[in-house]
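Asks: Dropping a structure here in structure tokens format, bear with me for questions.
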């Protein structure tokens, strides 16, 4: 039986940031083919493909992503932790799923599939493409670092660009112009006071003012200012958009960006359960079955220079995925 820590380290040794997942796709494909899996590569873009491995289908699909955020950080084992880019988000999870699926197959269980996608960290083009495949599974177990708890739900997201306009002028004669930055500075602090939806499971809608850009030079009255906001949703997006439209009024323009709906997930007995605030590929994989979200590791260290996964938790995740699959197949 493959050691999950060694397998995770091999995956971590491959540079596979979003858009350059080819080495990880090739490695995983060869690993699965060598063990008798039926492997389908679905090209998403040149040099990039989703990996779908199956035997009999009609059961449970274990799915996570092979891409990571940059920059590349190679693997290192320090005491009880495996460090490296993707250790918990999500190559360690991929390794645990591979080992669990292979253990189930060796025990004669053929109703488990694997779906390893590209592009999750930037636009989820892999998941969007995968939803066109002829999936047969009844349940989808998606892998993200949930601290080994089953997620009861996940907040959605809504990006929005807030744009204010002015009139350019020489700063020596500022009265001849209209600053676009000043109204933005007055508007943004009030967004935190808006009455936003709450949910008994997912909690409060939250907002992050992520970027602000305005002006060109200190000696020019700025004629344009833009800020990008990210809302974490707990309910239907319509009420949020109505609130923001009233908030902006005639003071600013709003440009709606990407939207992922809030989700409530299936859970099973025997696991700790808690909601998560981040989004996943689940809303884009609706054809793959009733969703669950589970994975070892913490989102709080994902995307950081010290990203790691606890070795004991990683080993336990193999058992957990096997138990989840068997429970779902018996239901």
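Where a number appears in this text, it was derived from the coordinates with a stated rule and is not lab data. For clarity, every value in this text was computed on a predicted model and none was experimentally measured. Heads up, the Cβs are rebuilt from the backbone with ideal geometry, glycines too, and the neighbour counts pull from every protein chain shown.
Asks: Can you bin every Cα-Cα distance in the range 187-246 into 10 Å intervals starting at zero and give me the percent of pairs per bin, rounded to whole numbers?
Replies: In order of increasing distance, the bins hold 18, 43, 23, 12, 4, 0 percent.
Asks: Run the simple label-point estimate for residue 80 and residue 35 please: 7 Å along Cα→C-beta, distance reported in nm.
Replies: Taking the two extended label points, one gets 2.6 nm.
Asks: So, one more: So for each of 160-169, 6-15, 207-216, 96-105 I average, over its residues, the number of other beta carbons within 10 Å; can you give me the resulting order with the highest mean first?
Replies: Listed from highest to lowest mean packing, they are 96-105, 6-15, 160-169, 207-216.
Asks: Mean residue ellipticity at 222 nm from the helices of the chain, using -39,500 (n - 2.57) per DSSP H segment of n ≥ 4 over the full residue count, to the nearest 500 deg cm²/dmol?
Replies: Roughly -8000 deg cm²/dmol at 222 nm, from the helical runs in the chain.
Asks: Please arrange 31, 247 by how many other C-beta atoms lie within 10 Å of their C-beta, fewest to most.
Replies: 247, 31
Asks: Fewest to most neighbouring Cβ within 10 Å: what's the order for 271, 294, 308?
Replies: Lowest count first: 271, 308, 294.
Asks: Further, regarding this structure: What FRET efficiency comes out for the pair residue 194/residue 133, r = Cβ-Cβ distance, R0 = 51 Å, nearest 0.05?
Replies: Calculated transfer efficiency: 0.80.
Asks: Something else now. Which FRET efficiency, nearest 0.05, do residue 247 and residue 331 yield, Cβ-Cβ r, R0 35 Å?
Replies: Approximately 0.20, to the nearest 0.05.
Asks: Report the residue, chosen from 109, 253, 313, that carries the largest GNM mean-square fluctuation when the chain is represented by alpha-carbon nodes joined by springs under 10 Å.
Replies: Sorting by GNM fluctuation, first place goes to 253.
Asks: Rounded to the nearest 0.05, what FRET efficiency do residue 212 and residue 106 have when you use their Cβ-Cβ distance and R0 = 56 Å?
Replies: 0.55
Asks: On to the next question. Taking neighbour counts of Cβ atoms within 10 Å as a proxy for exposure, in what order, fewest first, do 46, 149, 155, 312 appear?
Replies: 46, 312, 149, 155
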